[in-house]
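Everything below concerns the one structure shown next.
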Amino acid sequence: MRKLALSGWSSTFDASIYTILECKADKLQEYLKVQSVNADVPITTTHIVTLALGKVFERYPVLNRVIIRKKFRQRASVDAFVIVNLRKKESVDLSGVSIESANNLSCQDIANTMSTKVKTLREGKDPGIAKVHGVLDKLNSRVAYFVLKTLNVLLGSLNMSLSGLGLPKHRFGSFMVSNLGSLGVDEAFIPLFPPARCPLIAGVPKVKSIAVVKNGEVVAEHQLRLCLTMDHRYIDGFEGAKALRYLKKIIENPSAHL
């Protein structure tokens, strides 16, 4: 993964916007309990946020675009890419799984899909990831940089299909989600990965109990603080504010919107 990082970023200059979205999470906690009853795979906050973002990108299609040859192109579907922490016997690595048409799925669908795909990743049976890692492992960082740049041009700028080589088109989808809570991190802004060509990545920490003042009294309230990194080329202040208000509305009352 380090070699992929070295090859993917050529500069520290970007158009990123960083913000924290504070959401009341009492109803979210209740929703998680209800959804997890008799569930094949336990529902987590990450699953809810993934589905919620799918709904946001569905409502605001201006977000669901990709830049190809310096022009905006509308994506055919709302797809998510969820970053996962792969714990192996000899090492720990970061990878991810794609969730196609995330806006049309249920929380249980997303949980089941992630569970199946993560198992495939851990077993080394994902053909796309295996091919990329196989190539990068054999190259030094300088050569790997040019290989990744070439793939970025072919898959992204020229919008070519390399499915015959086992490389999926637009694997990273419309947006990305990372479970910060699984890493024991409460707050972190994750940088946008240039070859991903998606406008937003959300860091999802654990829900925490905080002290708030209500009617002059200090009471405990659950809160989820989403850490969001957005690409200003895709999202301006007005559009971004509308999208974030809708995301907050879903998170704070998921049973009414999911």
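The values are calculated or read from the model by the stated rules, or taken from the named source; none is laboratory data. Note that the structure is predicted; figures quoted are calculated from it, not measured. When we count neighbours, we look across all protein chains shown, and the Cβ atoms used for this are built from the backbone with ideal geometry, even at glycine.
Just to be sure, is VAL185 at pLDDT below 95, assigned to a strand (DSSP E or B) and over 27 Å from ALA76 (Cβ atoms)? It would help to see each step written out before you state the result.
Values: at pLDDT below 95: yes; assigned to a strand (DSSP E or B): no; over 27 Å from ALA76 (Cβ atoms): yes.
Criteria not met by VAL185.
Which of the residues spanning segment 211-257 are aliphatic (A, V, I, L, M) and either surrounded by 17 or more Cβ atoms within 10 Å (Cβ to Cβ) or within 18 Å of the chain's Cα centre (by Cα) (or both)? Please lay out each step first, then the result.
Just the residues of segment 211-257 that are aliphatic (A, V, I, L, M), to begin with: 211-213, 218-220, 224, 226, 228, 230, 235, 241, 243-244, 247, 250-251, 256.
Selection gives LEU224, LEU226, LEU228, MET230, ILE235, ALA243, LEU244, LEU247, ILE250, ILE251.
If you filter segment 16-43 down to residues that are modelled with pLDDT under 95 and assigned to a loop (DSSP other than H, G, I, E, B), you find that the one that is surrounded by the most Cβ atoms within 10 Å (Cβ to Cβ) is ILE43. Within segment 23-53, the set of residues being under 20 Å from the mean Cα position of the chain (by Cα), within 11 Å of CYS107 (Cα to Cα) and in contact (Cβ under 8 Å) with a residue 40 or more places away in the chain comprises VAL41, PRO42, ILE43, THR44, THR45, THR46, HIS47, ILE48, VAL49, THR50, LEU51, ALA52.
Condition check: free of Cβ contacts under 8 Å to residues at least 24 places away in the same chain and in a loop (DSSP other than H, G, I, E, B). Does VAL213 satisfy that? Spelling it out, it is not the case that VAL213 is free of Cβ contacts under 8 Å to residues at least 24 places away in the same chain and in a loop (DSSP other than H, G, I, E, B).
To keep it simple, each residue is scored yes or no on (1) part of a loop (DSSP other than H, G, I, E, B); (2) of a type outside the set (Ser, Thr, Tyr).
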| residue | (1), (2) |
| --- | --- |
| GLY203 | no, yes |
| ALA220 | no, yes |
| ARG225 | no, yes |
| ILE235 | yes, yes |
| LEU244 | no, yes |
| LYS249 | no, yes |
| SER255 | no, no |
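Restricting attention to segment 54-73, which residues are charged (D, E, K, R), without any contact (Cβ under 8 Å) to a residue 60 or more places away in the chain and exposed (fewer than 15 other Cβ atoms within 10 Å of the Cβ)? Within segment 54-73, LYS70, LYS71 qualify. Looking at segment 234-258, which of its residues are within 12 Å of LYS27 (Cβ to Cβ), out of contact with any Cys (no Cβ under 8 Å at 6 or more places or on another chain) and among the charged types (D, E, K, R)? The one that is within 12 Å of LYS27 (Cβ to Cβ), out of contact with any Cys (no Cβ under 8 Å at 6 or more places or on another chain) and among the charged types (D, E, K, R): LYS249.
Of the residues that make up segment 218-229, is at least one closer than 19 Å to GLU58 by Cβ, in contact with a strand residue (DSSP E or B) (Cβ under 9 Å, 6 or more places away or on another chain) and at pLDDT 90 or above? Can you show your working first?
Of the residues in segment 218-229, the ones closer than 19 Å to GLU58 by Cβ are 226, 228.
Subset that is in contact with a strand residue (DSSP E or B) (Cβ under 9 Å, 6 or more places away or on another chain): 226, 228.
After this cut, where a residue has to be at pLDDT 90 or above as well, the list is 226, 228.
Yes, segment 218-229 contains a residue that is closer than 19 Å to GLU58 by Cβ, in contact with a strand residue (DSSP E or B) (Cβ under 9 Å, 6 or more places away or on another chain) and at pLDDT 90 or above.
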